[in-house]
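One structure below.
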């Protein structure tokens, strides 16, 4: 293929590609396709905040257990008793008898 033939095939391809990217940029942000580092830092900060919050809640729970005199080993065991499950009824009534229309007899 000559240089002119390659040029004729590549120019429409790149023009179409550029038009597609332009139209897509209206609906989707294509400014930073490799923003993984920023997202990773954001997730790390969120995880650190959750750890701090969990530690604070654990300390508050321990303080409240001491305040109310509940030992840590017996914390809320009595409150979560589950009533016995009733037995499952497996007896199913038989299906009604089939009624055959008179025209089929």
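What follows is calculated from the coordinates using simple rules that are stated; it is not laboratory data. What you are looking at is a predicted structure, and each value in this text was computed from that prediction instead of being measured. Counting neighbours? That spans all protein chains shown, and the Cβs are built from the backbone with ideal geometry, glycine included.
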*Once label points are set 7 Å from the Cα along Cα→Cβ at both residue 19 and residue 60, what is their separation, rounded to one decimal in nm?*
6.0 nm
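Can you tell me the length gained on complete extension of the stretch residue 99 to residue 10, counting 0.36 nm per residue apart and subtracting the Cα distance? Each step should come with its number before you reach the end.
Values: separation 89, 0.36 × 89 = 32.04 nm, distance 7.46 nm.
Additional length available on full extension: 24.6 nm.
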_Under a crude label model (7 Å from the Cα following the beta-carbon direction), how far is residue 51 from residue 90 in nanometres?_
5.1 nm
